[in-house]
1. Mind listing which GluC sites (Glu not before Pro) in the range 132-240 are in a DSSP loop and have 15 or fewer other Cβ atoms within 10 Å?
2. Would you compute, for the Cα atoms of the chain, the largest minus smallest coordinate along each principal axis and list the three values in descending order, in whole Å?
3. For the chain, what does -39500 (n - 2.57) per DSSP helix run (n ≥ 4), summed and divided by total residues, give at 222 nm, in deg cm²/dmol to the nearest 500?
4. Restricting everything to alpha-carbon atoms, can you work out Rg to Rh for the range 18-77 with a Kirkwood hydrodynamic radius?
5. Evaluate the charge dipole of the chain about its Cα centre and quote only its size in Debye, nearest 20, assuming +1 on the Cβ of each Lys and Arg and -1 on the Cβ of each Asp and Glu.
6. Within the chain, what whole-number % of the accessible surface is contributed by carbon and sulfur, with the 1.4 Å probe and all protein chains included in the calculation?
7. Hey, if we sort Y105, Y55, Y45 by accessible area with the 1.4 Å probe, largest down, what's the order?
8. Taking Cα atoms, how many degrees apart are the long axis of helix 20-31 and the longest axis of the chain, rounded to 10 and kept between 0 and 90?
Amino acid sequence: MSINFDFSNKNVLVTGANGDIGSEITSKFLEAGANCICLDKDLKYLKKITISKKYRKKIFFLEINFEKKNFSQIFLKNMQKNIFIDVLINNAGYSSSKNFLEYNYEEWKKTLRINLEIPFLLSQLISKKFMKPGSSIINITSLAAEQGFPNNVAYVASKGGLKQLTKAMAIDLSKKNIRVNSVGPGYVKTKMTKKSWLDKKKRNNRSDRIILNRWANPSDIANTCLFLGSNLSEYINGQEIYVDGGWLSKGLKNDKK
């Protein structure tokens, strides 16, 4: 068996491809030879960093708003009937910060829609029509799938649900030999976390919780997706891999004397 990260002639679909993590995932798979289908409601940033002669023929952009009920019709209309997806990465996410007692129901519905309902609907659609045996689905969850965090009830609930959805999907899709796993990022330095990063107290507080004592870079998450999409991980199924620098494993702070 050949063991490598060569994705030549493989098709990879990434949702939320315009964000820092999504664009890095896309870049990693493009560098590994894959053809990438990139979904997001706005793809300006991704187009800016990837539109080069090297990748122009290997990347397909589809601007689609997952909040709309007709997203599946738009997707099917733009997909070639004879194309197959080798790796699906459900990366699109949404977060709205507010205390539980003040949380708006519309924000609750939007967060659950993007973070949990869309991975279910899109994975079901693609695994029925566009996936062959040996394909892989990767759901991007969060530390919030494992622990409670303040002022973010819908996000925590949706990511916990996505973690369990991953396990259930892995069992049902085993009949088609499609693997399903999750990647749970810790604190990642992105535009979404810029406010916390620029707050020195918050940045240091979060770094102190991490064994490696640093926030993740988007490439840390992308590399894990590359692994889970490759044949190196062919015996890994129904698992949640936390890429958190050791956050979940750390107990008491190791005080230096």
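The values are calculated or read from the model by the stated rules, or taken from the named source; none is laboratory data. All figures in this text were calculated on a predicted structure; none of them were measured in a lab. When we count neighbours, we look across all protein chains shown, and the Cβ atoms used for this are built from the backbone with ideal geometry, even at glycine. Just the protein is used for accessible areas: all its heavy atoms, side chains included, with ligands, DNA and RNA removed. Shrake-Rupley method; radii C 1.70, N 1.55, O 1.52, S 1.80 Å.
1. Values: sites: E146, E234, E240; in loops: E146, E234.
Within the range 132-240, the qualifying GluC sites (Glu not before Pro) (loop, at most 15 other Cβ atoms within 10 Å) are E234.
2. 60, 44, 40
3. Result for the chain: -11000 deg cm²/dmol, rounded to the nearest 500.
4. Rounded to two decimals, Rg over Rh is 0.99.
5. Here the chain has a charge dipole of around 580 debye.
6. Solvent-exposed carbon and sulfur of the chain make up 51 percent of the total.
7. Greatest to least solvent exposure: Y105, Y45, Y55.
8. Roughly 40 degrees between the two axes.
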